[in-house]
1. Where does each of 118-131, 52-65 land if you order them by average Cβ count within 10 Å, highest first?
2. Counting only helical runs of four or more DSSP H residues, what would the 222 nm mean residue ellipticity of the chain come to if each run contributes -39,500 (n - 2.57) and the total is spread over all its residues?
3. Over segment 287-342, with the other protein chains present, what is the accessible area per residue in square angstrom, probe 1.4 angstrom?
4. Kindly identify segment 74-126 as rounded, prolate or oblate by the Cα gyration tensor criterion: order the square roots of the eigenvalues as a ≥ b ≥ c, call it rounded if a/c is under 1.5, otherwise compare a/b with b/c, prolate if a/b is larger, else oblate.
5. Go through Lys201/Lys410; Lys103/Lys139; Lys280/Lys578 and tell me which ones have a Cα-Cα distance over 26 Å in this structure.
6. Rank by packing, highest mean first: peptides 436-442, 388-394, with packing defined as the count of other Cβ atoms within 10 Å averaged across residues.
7. I need the trypsin sites (Lys or Arg not before Pro) found in segment 537-614, filtered to DSSP loop residues with at most 14 other beta carbons within 10 Å of theirs.
8. Using 0.36 nm per residue of separation minus the Cα-Cα distance, give me the extension gain between Lys506 and Val211 in nm, one decimal.
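The values are calculated or read from the model by the stated rules, or taken from the named source; none is laboratory data. Quick caveat: nothing in here was measured; it's all calculated off a predicted structure. FYI the Cβ positions are ideal-geometry reconstructions off the backbone, even for glycines, and counts take in every protein chain you see. What goes into the accessible areas is simple: the full protein's heavy atoms, side chains included, and nothing from ligands, DNA or RNA. Shrake-Rupley method; radii C 1.70, N 1.55, O 1.52, S 1.80 Å.
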Amino acid sequence: MSIEEAVTESAPIFPPPERFQQGEVPVPHINSLEQYKELHEESVKNPTAFWGRVAKELLHWYRPFTQVNYGGFVDGDVQWFSDGQLNVAYNCVDRHAFANPDKVAIIWESDEPGQGEKITYRQLYQEVGKFANVLKKYKVRKGDTVCIYMPMVPEAAYAMLACARIGAVHSVVFAGFSADALRDRIQDAGCKILVTADQGKRGGKSIGLKVIADQALADCPSIEKVIVYQRTGDISVPFSSPRDVWWHEEVDNQSPVCPAETMNAEDPLFMLYTSGSTGKPKGVVHTTAGYLLGATATVKYIFDLHENDRFGCMADVGWITGHSYIVYGPLSNGITTVIFESIPTYPTPSRYWQLIDDHQLTQFYTAPTAIRALRRLGDEHVEPYKLDSLRVLGSVGEPINPEAWLWYHKVIGRERCAIVDTYWQTETGSIIVTPLPGAIATKPGSATLPFFGIDLAVLDPTTGQELLGNDVTGVLAIRQPFPSIARTVYDNHIRYLDTYMKPYHKYYFTGDGVTRDADGYYWIRGRVDDVINVSGHRLSTAEIESALILHPACAEAAVVGINDDVTGQAIVCFASLKSHHADETAITKAFVAQIRTHIGPFATPKRIVITPELPKTRSGKIMRRILRKVAGQEVTLADLEDEDGLRNKLGDLSTLADPSIVPTLIKKVAGRQ
Ligand code: WT7
């Protein structure tokens, strides 16, 4: 069933699990719909009172704020708690290490099962302190940028927290990005230090991170030091002395005590690159207090965290989900978090379920694409596991189709867990639309209702008029700032304003289509801009096109997303060649390689279609609408027989410079030419 069908049919409704009220498990923090509604109403009508209270309750301040919020979307001058002072590492590490030194902070689940380790808050405090001292030794100061290109090891979190401790701004680059992508990000941010590893491990394979990093660094003069964590020691990595140093040698020499810097609430905490509608990724900037408050409050209320919980988020620290729900949110709450190095199918498709039972996880958070892939592999991989420690199951990254939702609920949750389909973005820093386990009844496929402080609006995409009432479909926008919203795009505030604030005056524009159903529930329908979402990874069509046209054989390229049963969307590239006599098979391979080296293996296209021309209007604009339909095989060879039918499916073709390109494209996609 598609979301389209689910939203229009009367969707089944699942109330919060009954056992949440029966004393068998902790009573949810937000325990009724009325309580949610009351708090939500207060949070949007009086954000100053609401967030002022929550910020005092959940965070430790060196200097309390007197000013809660200032600024807005119109001028792009959002600030929260601006005269308050605090330190994120103090909040995530020190306060818990002092109160509870032996509590496990991080469960590291290594790629090979059984080789992981548990890190207590005391150890975390020491490791973060030592690495912070290493950074200081290499003259990293408040405001300097540090690039982190690391596999999923605890040291990635130590490095992030060490930056936070001394006020350096981290830019984590997902370890699946290629050398070119890493180089572009280091250059844009002007990073001074790169933290990386000899190799990464994933699903039994090794990834040569240091070798990739060296390629990137050939063109990154801003980097003064490369700190290399030895993950495998399997290969002798090339060392360029004195630039390169080993993590273990450096930290061995340092004191574990490093005073936490006093940071202003609006000092930047990190930047994270994300794809937009142009070829150049943007460095989304999050600041100290607002971001930390968003991460802390959302994970507490949405996953209903209690003191002894063990929270497992399966994302990578290279994405925002890893920042907010592996590192900052769970640690700020002082609970136990999981760093998972492997993949869901290694060594068997039972890996996740084994992990849950082994560590008695109470919450589990993953992406629909993983849920769909594991569902396909069969229930026999799940059945032997008890999974009875679980209370809340989360989904994130793309719309979850009702079938996958129901499987998650029945086969993994055993119908006794709350399912939270959490909608948010790199830019929002934390979850913005979601159920709450003890309060909001769920409908499979709907992210349900806004979190506290989130004031949503559905707009008519063309007129920008707000669509009031229920049963409306349009684009999703936000009316007023909330603490964890991104403050700027690094070194490009104009782009920040143009992308998010200009499309609809006075609103923040999410870029997603949405339906608010008859009950006021939100159903996210996917991007309305040129962003595609493959397995929860966000990619811009323009970025892939820029990679393709750098290839000497490529004349022009247009990239579209099509629906895919497992990955949500998949990439299809249409390209015309400079020479029409080229060997198409070889060229296709070369184009795939081109994308992998410019972006990374996760951007591998599903299909490359070589075409003599792209469909263009007479003024030269590429008609992507046509490409999307042809690529998704919404029009097929059979439609070529029926001109009216073709027009019905593709819309007006009269503006095309050369309408004969349409049958050519259809035949190409069908493999007939
Ligand atoms: C885009 C943001 C922040 C999570 C990781 C992705 C899509 C995210 C959902 C959901 C429907 C979702 C949206 C959004 N998305 N979560 N629960 N239901 N769509 O972060 O890379 O910044 O991508 O992911 O299209 O705009 P991101």
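1. 118-131, 52-65
2. -8000 deg cm²/dmol
3. That works out to 13 Å² for each residue.
4. Oblate.
5. Pairs exceeding the cut-off: Lys201/Lys410; Lys103/Lys139.
6. 436-442, 388-394
7. Listed in order of number, the matching sites are Lys578.
8. 101.5 nm
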